[in-house]
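These notes concern the structure reproduced below.
The values are calculated or read from the model by the stated rules, or taken from the named source; none is laboratory data. Here the structure is a predicted model, which is why all the values come from computation and not from measurement. For neighbour counting, all protein chains shown are included, and Cβ atoms are generated from backbone atoms with ideal geometry for every residue, glycine included. Ligands, DNA and RNA are excluded from the accessible area calculation, which covers all protein heavy atoms including side chains. Shrake-Rupley method; radii C 1.70, N 1.55, O 1.52, S 1.80 Å.
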Amino acid sequence: MDSAILSLLGAFLLSIMGLFVFIWSMRKGLLVENPRAASVIFARGEIGQADDPALREAGRAHLQAAAAEPGDTAHAADPQELAQRIDADRSSAFPVFMFIAFAILWLVLGSVAGLTASLKLHMPDWLVGEAWQTFGRVRTMHLTAVLYGWITNAALGLIVWLLPRLLRTRLMGAPWVMLGGAFINIAIASAIGAIGAGWSDGMEYLEMPWQIGLFIVVGFVCIIGPVLYTLVNRKVESLYVSVWYLVAALLWITLLFLVAKLPGVHTGVQQATTNWWYGHNVLGLWFTPISVGAIYYFLPKIIGRPVRSYNLSILGFWTLAFFYGQVGGHHLIGGPIPGWLSTLSIVQSMMMIIPVAAFTINMAGTLQGRMHLALHSPTLRFMMFGGLMYLLSSVQGSLEALRSVNQVAHFTHFTVAHAHLGAYAFVTMVLFGAIYFMLPRVLHWEWPYPRLISLQFWLAAIGIGIYFVGLTIGGWLQGLAMLDASRPFMESVALTIPYLQWRSVGGALMVLSHLVFAGHFLAMALRFGPQRTGAALFAPQSSQALEIAHGK
């Protein structure tokens, strides 16, 4: 039995197991609305209090005034529950700071490499003196830096910070978490160096040699243990939906990476099948649940209101788990794979509309009548933008899986545009917002220059807009030209040049936004601007009383 069949069989068995767990959950009352579980992110008396640590005191007051609704009554948040949250933040501060610092480092380096690769598409004679400067290697270094360096580090920082908060307990085994982070970042640096030197496994998103990939697996295992131990020692009865998303994502990526990097197992056509089984699942079962779980926490927390329907959030989680496993096969439509595999992928791609619709309806209901709060909260702005892009990228992905669309879009820049709509406009924008919310609590310091947050948002949003629109139009025209037998192939290449130039313009704006983001982070870490009230890294113990007094 070949590895492709084994991978499919394994995914099928996991889906069956998940189905039984889902049925058991329904019997335990899943379909009964659970306002208690939806409110677990708030301390008693905290509902109605808007919260955005990215704002200064005056900005928080304006946000609270804008968020106030008729019937609201002022209550002091429970001091004991606030103390548990503060203790949780203190326990995770060092690992979170480490992950975010590494994430921002790789974001800057990776995006510079990405802009270089983009420029080389319409300036092919630029930087050709050394082998590591060629497009193939620079682009692959870019992918490794942003997918594993930026997104994975930021996601791990989010998990380590959010879980103790949601479980109202200290992070267990923080030194092991930091050891795991060290292994992962050693692997990322080694992989980028190896790829630059020409040592690669040659599978997209899996280019790092398997010998280096071992460090990634070991790093994840070092982190999984403390996360599960923290989960076992929780002090809450109800698990908030974000816990489901974050813990499942960490387990999924470890299993996905381990199976995909098994040496000497995946060869030939089976290698292509495994490659796209992993390549799409790293987005759908790692990046997506992390980002959706983040939105389910930060968006209600900022506006001070529980999510509209807890049941819909759980439905979205389980349908994501059920339907995403074999979506990646639509990248191989028309290739030498069984027809049933392509059809299965198309069906599952269309079924992904269910979890996306559940999420969108839930967020729209939660924000009903409160959309104007985005004018006051920069973090909410990032979350709302990312949530909207999740809807657009998912619907586009489902349509792109259809054979009639795929035959035009495949092997074109249209696919690149779609990938950035998901990985950047959705995932990266959500991570930006999460970091803006987390760091004041981690570093016990205000963001020094709040206007830079808005500047960074607009640079990134406009940049990805130009990038996506340009490549989408150029890629579709490119596909139509390649399907026209009367037109020479070089015509399909030449017509993309103006759109590739716009891609570089958009990419330059995105890189500029990253430099603003990194500079702002450094200014904060170096103690520019005012100190804030709150328990966090480097904070004196006496600040705990101030934190409780301010109800944060």
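Of the residues Leu231, Leu258, Leu214, only one is under 30 Å from Arg165 (Cα atoms) and open to solvent by 50 Å² or more (accessible area, probe 1.4 Å); which?
Leu258
Check the stretch 106-128 and report whether any residue there is aromatic (Phe, Trp, Tyr), open to solvent by less than 50 Å² (accessible area, probe 1.4 Å) and assigned to a helix (DSSP H, G or I).
The initial filter retains those residues of the stretch 106-128 that are aromatic (Phe, Trp, Tyr), namely 106, 126.
Now drop any that are not open to solvent by less than 50 Å² (accessible area, probe 1.4 Å), which leaves 106.
Remaining after also requiring assigned to a helix (DSSP H, G or I): 106.
Yes - at least one qualifying residue is present in the stretch 106-128.
Can you tell me which residues in the stretch 149-171 are open to solvent by 20 Å² or more (accessible area, probe 1.4 Å) and on the phi < 0 side of the Ramachandran plot?
The one that is open to solvent by 20 Å² or more (accessible area, probe 1.4 Å) and on the phi < 0 side of the Ramachandran plot: Arg170.
For the stretch 474-508, what are the residues that are in contact with a Phe, Trp or Tyr (Cβ under 9 Å, 6 or more places away or on another chain) and open to solvent by 50 Å² or more (accessible area, probe 1.4 Å)?
Correct list: Trp476, Leu477, Met482, Trp502, Val505.
With respect to Met383, determine if the residue is under 22 Å from Gly293 (Cβ atoms), in contact (Cβ under 8 Å) with a residue 60 or more places away in the chain, open to solvent by 10 Å² or more (accessible area, probe 1.4 Å) and in contact with a Leu (Cβ under 7 Å, 6 or more places away or on another chain).
no
State all residues of the stretch 317-341 that are within 30 Å of Pro378 (Cβ to Cβ) and either more than 23 Å from the chain's Cα centre (by Cα) or in contact (Cβ under 8 Å) with a residue 60 or more places away in the chain (or both); if no residue qualifies, say none.
If the condition is that a residue be within 30 Å of Pro378 (Cβ to Cβ) and either more than 23 Å from the chain's Cα centre (by Cα) or in contact (Cβ under 8 Å) with a residue 60 or more places away in the chain (or both), then Phe317 is the only one that fits.
Output the residue which, of all residues in the stretch 415-473 that are in contact (Cβ under 8 Å) with a residue 40 or more places away in the chain and among the charged types (D, E, K, R), is nearest to Trp286 (Cα to Cα).
Arg441
Report yes if Phe287 is at pLDDT 90 or above, buried (at least 23 other Cβ atoms within 10 Å of the Cβ) and farther than 27 Å from Thr415 by Cα, otherwise no. If you could, list the steps in order and put the result at the bottom.
Numbers: at pLDDT 90 or above: yes; buried (at least 23 other Cβ atoms within 10 Å of the Cβ): yes; farther than 27 Å from Thr415 by Cα: no.
Spelling it out, it is not the case that Phe287 is at pLDDT 90 or above, buried (at least 23 other Cβ atoms within 10 Å of the Cβ) and farther than 27 Å from Thr415 by Cα.
Taking the stretch 348-380 only, how many residues are in contact with a Phe, Trp or Tyr (Cβ under 6 Å, 6 or more places away or on another chain), buried (at least 20 other Cβ atoms within 10 Å of the Cβ) and part of a helix (DSSP H, G or I)?
Total meeting the criteria: 2.
Quick one: which of Val221, Val232, Val241 is aliphatic (A, V, I, L, M) and over 21 Å from Ala174 (Cα atoms)?
Sole residue among the options that is aliphatic (A, V, I, L, M) and over 21 Å from Ala174 (Cα atoms): Val241.
Within the stretch 390-429, track down each residue that is open to solvent by less than 30 Å² (accessible area, probe 1.4 Å) and under 17 Å from Ser111 (Cα atoms).
Ala417, Leu421, Gly422, Ala423, Tyr424, Ala425, Phe426, Val427, Thr428, Met429, listed by residue number.
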